[in-house]
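As structure tokens, the structure follows; a few thoughts come after it.
The values are calculated or read from the model by the stated rules, or taken from the named source; none is laboratory data. Given the structure is predicted, the values throughout are model-derived calculations rather than measurements. Neighbour counts are summed over all protein chains in view; Cβ atoms, including those assigned to glycine, are modelled from backbone coordinates with ideal geometry. Accessible surface areas use protein heavy atoms only, side chains included; no ligands, DNA or RNA. Shrake-Rupley method; radii C 1.70, N 1.55, O 1.52, S 1.80 Å.
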Amino acid sequence: MEHLRLGVALPRLAACAGRTAVQLARRRIRFPRGQVGRRVRFADGSTAYVYRETVMELPAEPLNPCVLIVQFRLRRVRGVGHRLFRAESWLNTPLFAGFPGFVSKLWFAADESGVYRGMYDWDGPDQADAYVRALWWPLALVSELDSIHHRVLPGLRRDDVLADPTCVDGPAAPDQWWRPQESW
């Protein structure tokens, strides 16, 4: 993942945290439970379940929807450490919810290989890319660096991709860690 210079990323992350605080105070960020427990099998054969959803209440539908999928493997986290990370991850909300274009996020628990994923709805592929390039720094603090990857799928919505994975162009391949195959 190509990331921003630290001197560029830190002010963006700080501004995001400030905007998140405002949106939380205005009660525009919600944590619905409808997707929690949903399981997804990805093209690489891994399976993960949703343990949280974060949604921004927006005045209108996104004009330029895209799906963003991020993956990482935490360094030296095993067993009960995964439960602690999932509990702690509430504190990570200020690192994404205030970025321009954020719509929603599904938080996936670690799969069979210890890989976490986040699947986002974003308004604008360029804004999703700008977010993920700043996100690299917080992920780099706690993750195996070679495990940090992302994929932006322009013109798609998260729920559409989960409902019908064939809406993603081209045949699925085992190296497509980001591509849902089925969900239940």
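Looking at the chain, do any whole DSSP H helices span at least 20 angstrom along their long axis by alpha carbon and average -0.5 or above on Kyte-Doolittle, and which?
Helices meeting the criterion: 6-25, 125-142.
If you put +1 on each Lys and Arg Cβ and -1 on each Asp and Glu Cβ, how big is the dipole of segment 32-184 around its Cα centre, in Debye rounded to 20?
Around 720 debye, computed over segment 32-184.
Given an 8 Å cut-off on Cα distances and at least 6 residues of separation, report the relative contact order of segment 30-184 as a percent.
With pairs under 8 Å counted, the relative contact order is 36 percent.
With the cut-off at 1.5 for a/c, could you classify segment 114-162 from its C-alpha gyration tensor as rounded, prolate or oblate?
Verdict is oblate for segment 114-162.
Against the globular-protein guess of 2.2 N^0.38 Å, express the Cα radius of gyration of the chain as a ratio, rounded to two decimals.
Normalised by 2.2 N^0.38 Å, the Cα Rg of the chain equals 0.97.
Counting only protein chains, not ligands or nucleic acids, how are Trp90, Trp184 ordered by accessible area (probe 1.4 Å), most first?
Largest to smallest exposure gives the sequence Trp184, Trp90.
Given a 1.4 Å probe and the protein chains all in place, what does the accessible area of Glu182 round to, in Å² to the nearest 10?
Its accessible surface works out to 80 Å², give or take rounding.
Using only DSSP helix segments of four residues or longer, with each worth -39500 (n - 2.57), what per-residue ellipticity at 222 nm results for the chain after dividing by its residue count and rounding to 500?
Rounded to the nearest 500, the figure is -9000 deg cm²/dmol.
Considering only protein heavy atoms, what is the solvent-accessible area of Leu135 at a probe of 1.4 Å, reported in Å² to the nearest 10?
Leu135 has an accessible surface of roughly 20 Å² with all protein chains in place.
Semi-axes, largest first, in whole Å: what does sqrt of 5 times each Cα gyration tensor eigenvalue give for segment 85-178?
Output for segment 85-178: semi-axes of 21, 18, 13 Å.
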